[in-house]
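Presented below is the structure to which this report refers.
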Amino acid sequence: KIASILRHTNIARVYEFARAHGEYFIAMEHVDGKDMRTVLERCRAKKKPVPPEHAAYVAAEISSALHAAHSAVDTKRRPLRIVHRDVSPSNVRPSYEGDIKLLDFGIAQALMKFTSEIGVLKGKFSYMSPEQWEPGSQPLDCRADLFSVGVSLYEMSTGSGRLFKGSAAPELYKAVVRD
């Protein structure tokens, strides 16, 4: 529902969110390309990072999409304060034409209108900000998404894999929050 109200060239459009035959479905813009996770895996297999100018371009385009989400307002011009909460390479899709789209606002949170379960971790652990690891400790805001863009940019730029490594949540928690 949140993604359907956002209109920005770098956000994959959601045309419809409905229920049919007892099942929910989403009709969204088709982006002809591969997600950045797939691109990164291919680069890693070839032992080459994403070229710096491409990594910077992807990060800038996703930051532009996030700015649109973060600054969105309702019909009375009140800030919606949308936080994506799941920015990661698998939710970034470059098209074969060079467009960059941010996908999956499925766990996004609009603090003015929507609520979320308190104390439940949501997002991909390796890309989550310290604030996401400790729900309730600080209000979650746009900085959490920018942290995730930075982690993704590191991964694209270095080709060395994920910035925060760990095989389980406790190890990742220590890497992100304490280290």
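The values are calculated or read from the model by the stated rules, or taken from the named source; none is laboratory data. If you're wondering where the values come from, they're calculated on a predicted model, not measured in any experiment. Here the Cβ positions follow ideal geometry from the backbone for every residue, glycine too, while neighbour counts run over all protein chains shown. To get the accessible areas, we keep the full protein, side chains included, count just its heavy atoms, and leave off ligands, DNA and RNA. Shrake-Rupley method; radii C 1.70, N 1.55, O 1.52, S 1.80 Å.
Taking each residue of the stretch 1-15 that is under 17 Å from GLY33 (Cα atoms) and looking for partners that are at pLDDT 95 or above and in a helix (DSSP H, G or I) with beta-carbon atoms closer than 6 Å, six or more apart or interchain, yields ASN10/GLU61; ASN10/SER64; ASN10/ALA65; ILE11/ALA65.
Among all residues of the stretch 157-176, there is at least one that is modelled with pLDDT of 85 or more and not in a loop (DSSP other than H, G, I, E, B). Every listed requirement among (1) of a type outside the set (A, V, I, L, M); (2) open to solvent by less than 70 Å² (accessible area, probe 1.4 Å); (3) at pLDDT 90 or above is met by ASP74 save one, (3). Quick one: SER95 ticks every box in (1) small (Gly, Ala, Ser); (2) modelled with pLDDT of 95 or more; (3) closer than 17 Å to GLY161 by Cα except a single one, so which number is it? Unmet condition: (3).
What pairs come up if the first residue lies in the stretch 34-61 and is at negative phi, the second is of a type in the set (Lys, Arg) and open to solvent by 50 Å² or more (accessible area, probe 1.4 Å), and their beta carbons are under 6 Å apart, counting only those six or more places apart or on different chains? Sorted first by the residue in the stretch 34-61, then by its partner, the pairs are ASP35/ARG93.
For the criterion of being open to solvent by 50 Å² or more (accessible area, probe 1.4 Å), β-branched (Val, Ile, Thr) and touching a residue at least 12 places away in the same chain (Cβ under 8 Å), ILE26 passes. Here ALA59 passes the criteria (1) in a helix (DSSP H, G or I); (2) crowded, with 19+ Cβ neighbours inside 10 Å; (3) modelled with pLDDT under 90 except the one numbered (3). Considering the conditions (1) out of contact with any Leu (no Cβ under 7 Å at 6 or more places or on another chain); (2) surrounded by 19 or more Cβ atoms within 10 Å (Cβ to Cβ), ARG42 is excluded by exactly one of them, (2). Restricting attention to the stretch 123-179, the residues that are farther than 24 Å from ARG42 by Cβ, open to solvent by 30 Å² or more (accessible area, probe 1.4 Å) and of a type in the set (Phe, Trp, Tyr) total 2.
Can you spot a residue in the stretch 7-17 that is under 13 Å from ILE100 (Cα atoms), of a type in the set (Lys, Arg) and open to solvent by 80 Å² or more (accessible area, probe 1.4 Å)? Taking every residue of the stretch 7-17 in turn, none turns out to be under 13 Å from ILE100 (Cα atoms), of a type in the set (Lys, Arg) and open to solvent by 80 Å² or more (accessible area, probe 1.4 Å). Note on the stretch 29-39: residues that are assigned to a helix (DSSP H, G or I) and either open to solvent by 30 Å² or more (accessible area, probe 1.4 Å) or among the hydroxyl-bearing types (Ser, Thr, Tyr) (or both) amount to 3.
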